[in-house]
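Participant: I'd like to ask some things about the structure below.
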Amino acid sequence: MSYESVDKLQKALVENVFHYAKDSKKAAGRALGTLVEIITYYLLKTWDFNNYISIEKGLKEYGNPEISHNVEYSLHPIIRSTDLLINKTEKSITASQILKELNNQNFSLSGLSRKTNNLLSKEGILRNACAIAESKNSFLLCSIKSQKGPNIELCVYEQNSKPFAVFECKRVGVEEGISKGPQTIEKAKQGAYVARTASSLQKIRTESGEMYGIIYKSDNTFYIKPYTEFMEEIIFSNNTELLRRFIMTIGVVSNHGNWFTSENQNKEMKVLAQSYDWLLFLSDKGLSEFIDKLIMNPKRIHLPIRDAFISSYSEKKVKNQFTKVQMNLDADRILLDYFSINKKKIESWFNVISPKKKHLSELKSELNELKNKNWKEILK
DNA sequence: TTTAGGACGGGTTGGGTGAA
DNA sequence: TTCACCCAACCCGTCCTAAA
């Protein structure tokens, strides 16, 4: 079974899952937003960016550090990393346990202040991008690498707090009985503002409407060049002056008919398309397929995903275990398998709105290019 | 009449603090 | 160490009003 639009799908969720909520449509809408975030996150994991991701960290504006904005996902250079083996018990895996074990292994923790997050709760809920400590210029995070019999293999990695890319996921739904959607673009403006204040590569328009990029060097001289070409030049260069404070911004939006048709982009979409470096569009087909195959009508092997979703969105839920941060451990493993087996198909769920004529595979290779820069040298 | 904008309810996570 | 609690920031959907 498939749904011809996300709007229909939302109605189905209202009837089947969110009937208990005071405002069931609203609750279903929020959940759809969460799913867009989860799909984006697990695509990034499947692209091998797991250890580069932080979630909801404050990003300072370029040249204006007194204002910062929490961004959904940011990708950071890794300063150092190590693997750890710990005993699997019934209890939770806490930050302090991991830090103690690191200390035993002479992993220097100087300058780092501890956090109190649990990597794994005793209920079996995993914390994605789990921060266990932080310093002035870095985050120390931990993830589960594998489970080997009685032991769990962890990976601990320190990220430089200056990211090289940021992701934001957004969604706007259609109001009942109205064909054009919400009468506000505040959300788009908020996203656009953050996208345009994060990076050293700033956007300016010419009189004739072309988009140019300007970037200042540390001696306050600058370059101005046509935007998209300039961005590519920066990404594929080894010029410290260009890369130092450059942050690629990526927006991910999902369709609700009102936002977008191929000929007629809505104002919100136009604002976002010219503000993010990349604007991706998660299609109705993609979102529907994810919900149909993994939540509404899952095969037996995918059942833990449905279970985690349903238990997170019911009247008597104890704790959410289906968000970008909190994820049921079994659901996490099955999602990773599903994404890795169906990688090609899932990538086809995303359309590239901007830059025009570019393909998702180029985003992936640009992110890889940035990931593999010699950041130690660039950021010193 | 249509569209833009303001306000707000009900959610989420992050992060800090202090008591148990 | 753990937990409850609070605030900040952000998100989604809805309703109302003012401007075009």
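The values are calculated or read from the model by the stated rules, or taken from the named source; none is laboratory data. Keep in mind the model is a prediction, meaning the values are calculated, not measured. All Cβ positions, even for glycine, are placed from backbone atoms using ideal geometry, and neighbour counts span all protein chains on display.
Participant: Could you list, in sequence order, all residues of the stretch A:82-140 that are of a type in the set (Ser, Thr, Tyr) and touching a helix residue (DSSP H, G or I) at 6+ places or on another chain (Cβ under 7 Å)?
Facilitator: Answer for the stretch A:82-140, where residues must be of a type in the set (Ser, Thr, Tyr) and touching a helix residue (DSSP H, G or I) at 6+ places or on another chain (Cβ under 7 Å): just A:Thr116.
Participant: Filter the strands (runs of 3 or more DSSP E) completely within the stretch A:275-380 down to those with at least 1 residues that are at pLDDT below 90 and within 20 Å of A:Ala28 (Cα to Cα).
Facilitator: Hits in the stretch A:275-380: A:278-282, A:326-328.
Participant: A:Lys57: surrounded by fewer than 15 Cβ atoms within 10 Å (Cβ to Cβ) and more than 10 Å from DNA strand C (Cβ to nearest atom), yes or no? Walk me through how you get there before you give the answer.
Facilitator: Values: surrounded by fewer than 15 Cβ atoms within 10 Å (Cβ to Cβ): no; more than 10 Å from DNA strand C (Cβ to nearest atom): yes.
Criteria not met by A:Lys57.
Participant: Residues that are more than 16 Å from DNA strand B (Cβ to nearest atom), at least 2 per element: which strands (runs of 3 or more DSSP E) completely within the stretch A:28-105 meet that?
Facilitator: On the way: elements: A:53-61, A:64-75, A:78-87.
Ranges flagged: A:64-75, A:78-87.
Participant: Which members of the stretch A:136-156 meet the condition of being buried (at least 18 other Cβ atoms within 10 Å of the Cβ) and touching an Asp or Glu at 6+ places or on another chain (Cβ under 6 Å)?
Facilitator: Scanning the stretch A:136-156 gives A:Ser138, A:Leu140.
Participant: A:Ser254 is checked against (1) modelled with pLDDT under 80; (2) surrounded by fewer than 21 Cβ atoms within 10 Å (Cβ to Cβ); (3) of a type in the set (Ser, Thr, Tyr) and fails just one. What number does that condition carry?
Facilitator: Condition not satisfied by A:Ser254: (2).
Participant: Sticking with this structure for a sec: Working only within the stretch A:96-115, note down all residues that are within 19 Å of A:Ser161 (Cα to Cα) and within 15 Å of DNA strand C (Cβ to nearest atom).
Facilitator: The answer is A:Leu109, A:Leu112, A:Ser113, A:Arg114, A:Lys115.
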